[in-house]
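This report concerns only the one structure given below.
The values are calculated or read from the model by the stated rules, or taken from the named source; none is laboratory data. This one's a predicted model, so the numbers in the text were calculated from it and none came from an experiment. Cβ atoms come from the backbone with ideal geometry, glycine included; neighbour counts cover every protein chain shown.
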Amino acid sequence: KAGVTQTPRYLIKTRGQQVTLSCSPISGHRSVSWYQQTPGQGLQFLFEYFSETQRNKGNFPGRFSGRQFSNSRSEMNVSTLELGDSALYLCASRGDPPTVSNGYTFGSGTRLTVV
Amino acid sequence: AQSVTQLGSHVSVSEGALVLLRCNYSSSVPPYLFWYVQYPNQGLQLLLKYTSAATLVKGINGFEAEFKKSETSFHLTKPSAHMSDAAEYFCAVSEVRDDKIIFGKGTRLHILP
């Protein structure tokens, strides 16, 4: 079965712009999480969505937001981009029941570069 | 609060030698523990997970890890390194009551010919 699909793979944006990243989970998975990966901070949890509701949120400013659609696809949005937002953004989905013991299946990520 | 410490940001081993990547965790309740591998320009792939069943967990690609509560450790091992094992490895922890996973900083494994 298909894995977690993230689009686009690469993105270059200018400071002050906004960006939307997309994630399609594994078919049947209703839980989608987002992580930011940078060389300095490592992997940091952004948020998790389950059945269109945000279930958990990390310590990121309000410029970072997300949503989940009825087909479980998820988008994350970053407004007013800053240079420090340059990172690899990873999406992951979990099976049902969406407990942590299932572990995440990750997509290949979207590499965002802010110039 | 839960946390993960991976000892050594870079580890080099010769091809055919033992691989040992160290991970210590901190958790106030019995944790779930994971090891993930990341190849260049790729996402994370789950190697193995501990969820309070057997303390010795076998994963993919010949890797295994042992949960030691007394040492709060979950070290990753592989008896014989292969060139294809060169990658970055992440240890992660989560508590049963919390859905998010906390990752360590990662250890980059280099395989020497």
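Data table
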| quantity | calculated |
| --- | --- |
| Any hit, region B:83-103, residues being surrounded by fewer than 17 Cβ atoms within 10 Å (Cβ to Cβ), aliphatic (A, V, I, L, M) and more than 14 Å from every other protein chain (Cβ to nearest Cβ) | yes |
| Single residue of region A:95-106 satisfying the filter (within 7 Å of chain B (Cβ to nearest Cβ) and either at pLDDT 95 or above or assigned to a helix (DSSP H, G or I) (or both)) that is surrounded by the most Cβ atoms within 10 Å (Cβ to Cβ) | A:VAL100 |
| Failed condition for B:ALA54, given (1) within 11 Å of chain A (Cβ to nearest Cβ); (2) assigned to a loop (DSSP other than H, G, I, E, B) | (1) |
| Members of region B:35-52 found to be β-branched (Val, Ile, Thr) and in contact (Cβ under 8 Å) with a residue 60 or more places away in the chain, listed by number | none |
| All strands (runs of 3 or more DSSP E) inside region A:15-94 with 3 or more residues being away from chain B (no Cβ under 14 Å) and touching a residue at least 12 places away in the same chain (Cβ under 8 Å) | A:19-24, A:64-68, A:74-78 |
| Residue check, A:GLN44 crowded, with 19+ Cβ neighbours inside 10 Å, of a type outside the set (Phe, Trp, Tyr) and closer than 23 Å to B:VAL4 by Cα | no |
| 1 or more residues of a type in the set (Val, Ile, Thr): qualifying strands (runs of 3 or more DSSP E) within region B:58-113 | B:73-78, B:87-95, B:107-112 |
| Sole exception among (1) crowded, with 19+ Cβ neighbours inside 10 Å; (2) touching a residue at least 60 places away in the same chain (Cβ under 8 Å); (3) of a type in the set (Lys, Arg); (4) within 11 Å of chain A (Cβ to nearest Cβ) for B:LYS78, by number | (4) |
| Test result for B:SER14, out of contact with any helix residue (DSSP H, G or I) (no Cβ under 8 Å at 6 or more places or on another chain), polar (S, T, N, Q) and surrounded by 15 or more Cβ atoms within 10 Å (Cβ to Cβ) | no |
| Test: residue in region B:21-33 that is at the interface with chain A (Cβ under 10 Å from one of its Cβ atoms), surrounded by 12 or more Cβ atoms within 10 Å (Cβ to Cβ), among the hydroxyl-bearing types (Ser, Thr, Tyr) and free of Cβ contacts under 8 Å to residues at least 60 places away in the same chain | no |
| Any hit, region A:78-91, residues being in contact with an Asp or Glu (Cβ under 8 Å, 6 or more places away or on another chain), surrounded by 17 or more Cβ atoms within 10 Å (Cβ to Cβ) and over 20 Å from B:VAL93 (Cβ atoms) | yes |
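Residue-wise test of (1) in contact (Cβ under 8 Å) with a residue 24 or more places away in the chain; (2) among the acidic types (Asp, Glu).
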| site | (1), (2) |
| --- | --- |
| B:SER3 | yes, no |
| B:VAL19 | yes, no |
| B:ALA54 | no, no |
| B:GLU64 | no, yes |
| B:GLU88 | yes, yes |
